[in-house]
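A quick write-up on the structure given underneath.
The values are calculated or read from the model by the stated rules, or taken from the named source; none is laboratory data. Because the structure is a prediction, the values reported are computed rather than measured. We place every Cβ from the backbone using ideal geometry, glycine too, and count neighbours over all the protein chains shown.
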Amino acid sequence: MDQDRKEWALLKDFGPTLADNPTALRECTHLLQIYQLEPRALHSKWEAYIMNATSTVTDEDDGSMTAAHLEGFKSYLRRSLEQQVQQQQTSSSASFATPKKATIKSRYHGSAGSSQRINHDMDLDPHQDVFGSPDRKTNFAMPTTPTRNRGNGNLAPVGRSPSQQSPSSKQFALRRNVSETEETLNSHLTLRSDPPNVGSDYRNVITSIVSVKPYRYMFEKISEKGDALDDRIDAFAEIYREAHKDVQFSNPEYQTQSVVMVVGRICSDANEGKSNEHSLLLETSRALGSGSRVRLDTSEVSGLSFFPGQIVVLSGINANGSVFVVTRVHELPSLPMAGESPAMLEDFHYRRMSGQPIKMIAAAGPYTLNDNLLFEPFAALMAHVDKERPDVLLLMGPFVSSQHPAILSGNVDMSPERYFAEYISKPLAKHQDRYPKEMQILLVPSLQDVVHETVVMPQPAFEHPRSLGLPA
């Protein structure tokens, strides 16, 4: 891209950091040429640098691109490049001393157990020593490993024998304060004393309000979306009529000389930037106003705020037929109090729950250490689950993280799906076989999960459960 396009892309990624600093903008453009980087990659490296730099300075430093920070950022890029070149040379020299069965280019070099630590023994900086994104083939290459690591020829996970534990594995094995309670909320409530009866039905049933199976992910018809938005306005109008009798809603687009009440959705005609008092519109339903939009004048009401999509009930006048002058904003009725009948609560608590509370365990990934794929933390978690035997187990990803060094470098012996099946699905299945109809398991994928096809929010459930060893 030419000079102007580079500067425009930098301003788009960095924002005010460069907009008010022409000198820093020129320097960043020069860095793009030196290191052959894209503007977004340079911005990611700046964030990684400034995150560590501002943790050791005073509160007066707001992290802006000052001259001192700019010089430090240049030094950071030089050190990273030198370290990358040194690692490449080390990797090249080592290849002459070992049999070369399969080689790949990767973001990380060295053995599977090597990892850079920043600020914490278990942390991984995804931006370190990287000046380009590997292609898909590099990310998921499947090289063969020496025969001594393959045993009888079957695929084996990346790992070490007990006598060759990595530093992270040793640190994890010798960790202190295992299962220690750090904080307790509502300590006056008692936990479930005895485990549920093995072989009985589930004590609790987890269901969704709406079944998602009949629907395609991220597929929505415009007509259905319009109907849903229209019905929401009519539903709010009906709720307000039930709470306030003899209320008549008018079309805000009609010209009138008297105060009328209207209901609709707040919209904005501002294509960019935040909404303001001059960009507010009121959208009506097809039944109440033919779906039309009219501009709002809120100068006579103060101390109120609106947001696009908000359903409001307003009073006002449209004297000229083009602007609805708001004189009052009505409060919507409160939601009803949630509650169940005593008979239903008694049936649920004593017949299904045996008078015992629900026990739930929640955990979030990653579930393996940075220098291997043995999933030792997940094995420790499942040992705790077998001991506690909860009613619900909530596991949140990433399960097989796309940011793991072994996955990034391709230094793996199995596919990511196989790792999930061996180290996640099998322990869960063993627990279910040992204690059937006892624990319900909820798996929530992450944007970093390699085994999930969707990398945007909101994510659907795992789309190919059989390949992951999960029940369909």
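Could we say that VAL259 is under 26 Å from ALA319 (Cα atoms) and touching a helix residue (DSSP H, G or I) at 6+ places or on another chain (Cβ under 8 Å) here? Lay out the reasoning, then the answer.
On the way: under 26 Å from ALA319 (Cα atoms): yes; touching a helix residue (DSSP H, G or I) at 6+ places or on another chain (Cβ under 8 Å): no.
No: the conditions fail for VAL259.
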For segment 255-288, how many residues meet the condition of being part of a loop (DSSP other than H, G, I, E, B), over 35 Å from the mean Cα position of the chain (by Cα) and of a type in the set (A, V, I, L, M, F, W, C)?
-> 1
Report yes if some residue within segment 343-366 is buried (at least 21 other Cβ atoms within 10 Å of the Cβ) and modelled with pLDDT of 90 or more; otherwise report no.
-> yes
Residues of segment 442-457 being crowded, with 18+ Cβ neighbours inside 10 Å and of a type in the set (D, E, K, R), in sequence order, are ASP449
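Taking segment 412-447 as the search range and keeping residues that are acidic (Asp, Glu) and modelled with pLDDT under 90, which one is nearest to PHE399 (Cα to Cα)? Reasoning before the result, please.
First pass over segment 412-447, keeping only residues acidic (Asp, Glu): 413, 417, 422, 433, 438.
Filter once more, keeping what is modelled with pLDDT under 90: 413, 433, 438.
Working: ASP413: 17, ASP433: 22, GLU438: 23 Å.
My answer is ASP413.
Please tell me if LEU395 is touching a helix residue (DSSP H, G or I) at 6+ places or on another chain (Cβ under 9 Å) and part of a strand (DSSP E or B).
On the way: touching a helix residue (DSSP H, G or I) at 6+ places or on another chain (Cβ under 9 Å): yes; part of a strand (DSSP E or B): yes.
Against the criterion (touching a helix residue (DSSP H, G or I) at 6+ places or on another chain (Cβ under 9 Å) and part of a strand (DSSP E or B)), LEU395 qualifies.
Please verify whether VAL158 is modelled with pLDDT under 60, in contact with a Leu (Cβ under 7 Å, 6 or more places away or on another chain), assigned by TED's automatic domain parsing to the domain that holds LEU373 and β-branched (Val, Ile, Thr), treating the condition exactly as stated. Even if it seems obvious, please write down each step before you answer.
Details: modelled with pLDDT under 60: yes; in contact with a Leu (Cβ under 7 Å, 6 or more places away or on another chain): yes; assigned by TED's automatic domain parsing to the domain that holds LEU373: yes; β-branched (Val, Ile, Thr): yes.
Yes: the conditions hold for VAL158.
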HIS384 vs (1) within 30 Å of PRO357 (Cα to Cα); (2) part of a loop (DSSP other than H, G, I, E, B): all pass except (2)
Every listed condition ((1) small (Gly, Ala, Ser); (2) in contact with a strand residue (DSSP E or B) (Cβ under 8 Å, 6 or more places away or on another chain); (3) modelled with pLDDT under 90) holds for GLY316 save (3)
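Return yes when ALA287 is surrounded by fewer than 14 Cβ atoms within 10 Å (Cβ to Cβ), in the same structural domain as LEU381 (by TED's automatic domain parsing) and not aromatic (Phe, Trp, Tyr) and no when it is not.
Working: surrounded by fewer than 14 Cβ atoms within 10 Å (Cβ to Cβ): yes; in the same structural domain as LEU381 (by TED's automatic domain parsing): no; not aromatic (Phe, Trp, Tyr): yes.
It is false that ALA287 is surrounded by fewer than 14 Cβ atoms within 10 Å (Cβ to Cβ), in the same structural domain as LEU381 (by TED's automatic domain parsing) and not aromatic (Phe, Trp, Tyr).
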